[in-house]
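Before any comments, here is the structure.
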Amino acid sequence: MFADLKAWSPELLTGIRLTVGMTFGSMAIALALGLALALGRISLNAWIRTPVIAFVELIRGSPLLLQLFYIYYVLPALGLRLTPIQAGLLGLGVNYAAYLSEVFRAGIAAVGSGQREASESLGMSPSQTMRHIILPQAWRIVIPPTGNYFISLFKDTALVSTISIAELMFQGQLIASDTFRYTEIYSIIFVIYVAISVPASAGVRWLERYFNRSGQRR
Amino acid sequence: MANIIEMTGLNKAFDAFQVLHDVNLSIAKGEVVVIIGASGSGKSTLIRCINGLEQLDSGAIEVDGLTLLPAAKGRRQASGALQDIRREVGMVFQQFNLFPHKTVLENVTLAPIKVRKWDQAKAETTARRLLERVGLVDHIQKYPSQLSGGQQQRVAIARSLAMEPRVMLFDEPTSALDPEMVGEVLEVMRGLAREGMTMVIVTHEMGFAREVADRVVYIDQGRILEVGTAAEIFDAPREERTKLFLSRVLKH
Ligand SMILES: Nc1ncnc2c1ncn2[C@@H]1O[C@H](COP(=O)(O)OP(=O)(O)OP(=O)(O)O)[C@@H](O)[C@H]1O
Ligand SMILES: [Mg+2]
C-alpha cells in the first residue's frame, strides 16, 4: 500500500490541492453571500426580504448535486457558460451561503435588542450599528456553527468530481479505473479526508474556546 | 424660558393595547423632570418616544427644534431625522447596555468619532475627562464585564455625555443595581442636575426624585394624571390615584 501511495502521490497531491482550493474558494463566496443574504432576510423592505427568503428556501430545499448539475449543464443554455471550477465554486458557494445565512441571521438576532437601541440612541446609523456593534458580537456567536459548515463543505467538495473537476475524489476514481485497485485507492482517499478534517475540527473547537475566553460578554 | 421638549397629543398603542393616551408635556431647558407611576403605566414608552425608540401613532414631539412625527402607516421614521434628534438626546438604560466587545474607553469614544466625526485625540480627551468625573478613569482599559453594575452604569452615563447632548433621558437607571451601588449612580446624576443639564428621569427612588426634581409627573395607565413640583406631588397630591400610588411606594 505504501508503494501504491508513492506511485499515486502526484495525482493525489494535485487532487488535495484542488480540494483544499475549492474549499477555501467556495467558503469565501459562502461567507460573503451568506452575510448579504442574512442582512437581506432581516431587511425592513419586503421587496428585498421576500425574494431572499424564497431564494434561501429554493437552495435549502434541493440537493447540492442537482444544483451543481444545473449550474454546469443548464446555465450554458441560458447563456452563462462556466468552466467546471467556476461552476463548482459557484454551486458550493451559493449552497453553503444559504445555510450560513440562517446561522448569521440567528447570530444577529442573538445580540440583544438593547445593543441596537444603545447604539442608535447615540446617533449611530443603522449601518454603523450593524458594523460596529451587532456584527462583531454576532461573529463570536456564529464561529462554532460556521466552523462546522466549513468542515462539512470540505467533504462536500467531493461532489464536484461529478462535473469533471479533478479534485481528490476524482483522482481516486481515475486511479481506480486505471488500476482496479479499489480497496487500496479508496482506503487511501478515506484516510486523506479524515486526516484533514479531524485536525480541522479540532482547530474549530480551539477557535471557539479562544473567542469564548476573550469574548467579553456580560 | 424656552421649552427644549414639547410633546403634544401623543398616542401610542402596541397592537390593540393603547399605552399612551393623549400625552401633553413641555420641558424647559435645564429642567429636571421625574416621571413616576406604577409598573406598566407607560413610563418607559413615554421616555422612549422622546428619542424615537418607540414610534408615535399620533401627535408630535419637538426636541430642540427638531420634530418627530408619526411615521406613515407601516413605515419607519426616516432614519436621518431620528439620528439628528438622537445626537442631541442621551439615553441611559436600566440594563446599561454597554458594548461588551469594547473597552470602557472605546465605549465612550465610539459615537463621538463615528457620529460627530471627532478625531481620536479629541474623543479620548473628552472621554478621559468624563470618566474622571464619574470616578472611573482608572478602569479605562477594562471591558464592561470586568466592572460592577454601578461602575457600568456610570460608564453608560459617560458614554451618553460624550455626545454632548442637550437632554439626558434615564429609564430606571438604578433598578438593576445592588442597593449598595445605587448611591454612586445617583450622585453622578445629582451632579448633572446641578450643572443645569435638562433631564427626564423615570425612577422608583422617591427620595432622589424629591431632591432633584423641578417637576414630578405622575402617569397612570398611559395618562398624565398629575404634574407638579416635588413638594406638591409628594406632600399634597390632589388625585386619589396619586395618593394611593405614593402610599404604596413610600411604605417600604
Ligand atoms: N414592545 C412592546 N410590545 C407590546 N407591549 C408592550 C411593549 N412595550 C411595552 N408594552 C406594554 O405597554 C405597557 C407600558 O409599558 P412600559 O414599559 O412603558 O411601562 P412602565 O411604566 O415603564 O413599566 P415598568 O415600571 O414595569 O418599567 C405595558 O403594559 C407593557 O406590557
Ligand atoms: Mg419601564
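Looking at the stretch B:172-182, is at least one residue under 18 Å from B:G30 (Cβ atoms) and away from chain A (no Cβ under 14 Å)? Within the stretch B:172-182 (the criterion being under 18 Å from B:G30 (Cβ atoms) and away from chain A (no Cβ under 14 Å)), the answer is no, since none of the residues qualifies. For the stretch B:231-251, the set of residues classified as outside any helix (DSSP H, G or I) and either in contact with a His (Cβ under 9 Å, 6 or more places away or on another chain) or surrounded by fewer than 18 Cβ atoms within 10 Å (Cβ to Cβ) (or both) consists of B:A236, B:R238, B:E239, listed by residue number. Quick one: would you say B:A121 is of a type in the set (A, V, I, L, M), away from ligand 2 (no atom under 16 Å from the Cβ) and either over 30 Å from B:S26 (Cβ atoms) or modelled with pLDDT under 95 (or both)? Taking the combined requirement at face value, the residue satisfies it.
Scanning the stretch B:1-42 for residues that are within 16 Å of ligand 2 (Cβ to nearest atom) and charged (D, E, K, R) yields a single hit, B:K12. Checking each residue in the stretch A:143-180 for being touching a residue at least 24 places away in the same chain (Cβ under 8 Å), of a type in the set (S, T, N, Q) and buried (at least 17 other Cβ atoms within 10 Å of the Cβ) picks out A:T146, A:T157, A:Q171.
In the set B:T45, B:T67, only one residue is more than 16 Å from ligand 2 (Cβ to nearest atom) and among the hydroxyl-bearing types (S, T, Y); that residue is B:T67.
One residue alone among A:A166, A:A195, A:A138, A:A176 is more than 20 Å from the chain's Cα centre (by Cα) and not hydroxyl-bearing (S, T, Y), and that residue is A:A176. The sole residue among B:V202, B:V185, B:V217, B:V227 that is away from ligand 1 (no atom under 13 Å from the Cβ), among the hydrophobic types (A, V, I, L, M, F, W, C) and touching a residue at least 40 places away in the same chain (Cβ under 8 Å) is B:V227.
The values are calculated or read from the model by the stated rules, or taken from the named source; none is laboratory data. Just so it is clear, the structure is predicted and the values come from calculations on it, not from any experiment. With ideal geometry, Cβ positions are generated from the backbone for all residues, glycine too; neighbour counts draw on all protein chains shown.
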